[in-house]
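Below is one structure, written out as structure tokens, with a few remarks after it.
The values are calculated or read from the model by the stated rules, or taken from the named source; none is laboratory data. Bear in mind that the values here come from a model prediction, so they are computed numbers and not experimental data. When we count neighbours, we look across all protein chains shown, and the Cβ atoms used for this are built from the backbone with ideal geometry, even at glycine. For accessibility, only protein heavy atoms count, side chains too; no ligands or nucleic acids. Shrake-Rupley method; radii C 1.70, N 1.55, O 1.52, S 1.80 Å.
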Amino acid sequence: MSEITMVEQALEGTQPEFCHPPYVSSIARSPRSPLLLLPRTLSERTGPVFGHGLVGPGDNDLTAQHQGQPIGERIVVHGRVLDEDGRPVRGALIEVWQANAAGRYRHRIDQHQAPLDPNFTGTGRVMTGDDGYYWFRSIKPGAYPWSNHPNAWRPAHIHFSLFGAGILSRLVTQMYFPGDPLQPLDPIFNSIADERARQRLVSRFDIEKTIPEFELAFNFDIVLRGSSDTPFEDQRR
Ligand SMILES: [Fe+2]
């Protein structure tokens, strides 16, 4: 399979800046010194590898993890993981996590005034098939407030983590939804300077995959490298 590696030599402005002052916490945590490129050794390229048994058959349905249905707009998110030549990346582990329809995470740190949903945990995982394809079912996450600046709201988004064959090659990103008025106001979204690269994080509404009277569909392809690569968090070039 194609190896998921760090994004190298990305085009200017197509990946998030380490330090993007409007995203306040990036100031303190961004590096002050030039980065060191650690050579990859054989052990990092060859092992350890997660087992396929890690992912169960229902793990990609976030609406079916409890006794009842979660509140919210049911969606399916689907797409392919591709390398820079458009070849499928098979056997990649995708993990997702998100807020519920009210914009609240099931996490002790998230205590803002929105209800938890007893039928929604907000985490799931799936592996890509031989054609690099994946899909998962969920509910559309709500926007939520955060303390970055006065009246700051995160646009609706789903967090993605990808693992390749070697577990040291994790990539993390966020998927957004089309037509969200909060995106232009979001410092995290705007930490990617290049407009076209930023838009690669916005999923595409997909009427073809929508199931009538059941769920809406959104398409989100993930490209690991090259001039059309997906922006990833904290990846260096
Ligand atoms: Fe989030």
Open item on the list: I need to check one value: relative contact order of the chain, counting alpha carbon pairs closer than 8 Å and at least 6 residues apart, in percent.
Closed with: 30
Task: Heavy-atom accessible area ranking, 1.4 Å probe, most first, across Thr123, Thr230 - done: Thr123, Thr230
Task: For Leu54, solvent-accessible area (1.4 Å; no DNA, RNA or ligand), Å² - done: 80
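Inverting the mean 1/r over all pairs of different Cα atoms, compute the Kirkwood radius of the chain and quote it in Å.
After inverting the mean inverse Cα-Cα distance, the result is 18.8 Å.
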Open item on the list: Quick check: at a probe of 1.4 Å, how many percent of the accessible area of region 24-228 sits on carbon and sulfur atoms?
Closed with: 57
Open item on the list: Report, to one decimal in Å, the Kirkwood hydrodynamic radius for region 130-192 based on all distinct Cα pairs.
Closed with: 13.9
Task: Karplus 3J(HN,Hα) series, Hz, for region 190-201 with 6.51 cos²θ - 1.76 cosθ + 1.60 (x for Gly, Pro) - done: 7, 6, 9, 5, 7, 4, 5, 5, 4, 5, 5, 8
- [ ] Could you order Trp135, Trp146 so the one with the most accessible surface comes first? Probe is 1.4 Å.
- [x] Trp135, Trp146
- [ ] Determine the order of Glu12, Glu233 by accessible area, beginning with the largest, at a probe radius of 1.4 Å.
- [x] Glu12, Glu233
Task: Three semi-axes of the equivalent ellipsoid, region 77-195, Cα gyration tensor, whole Å, largest first - done: 27, 18, 13
Task: Loop-located chymotrypsin sites (Phe, Trp or Tyr not before Pro) in region 175-237 whose Cβ has at most 16 other Cβ within 10 Å (DSSP) - done: Phe214
- [ ] Starting from the Cα-Cα distance between Trp146 and Asn219, subtract it from 0.36 nm times their residue separation and give me the gain in nm to one decimal.
- [x] 23.6 nm
Task: Surface accessible to a 1.4 Å probe, per residue, for the residues of the chain, Å² - done: 53
Task: Cβ-derived FRET efficiency at R0 22 Å, Asp85 paired with Asp194, nearest 0.05 - done: 0.55
TODO: Would you please calculate the Kirkwood hydrodynamic radius of region 52-102 over all C-alpha pairs and express it in Å, rounded to one decimal?
DONE: 13.6
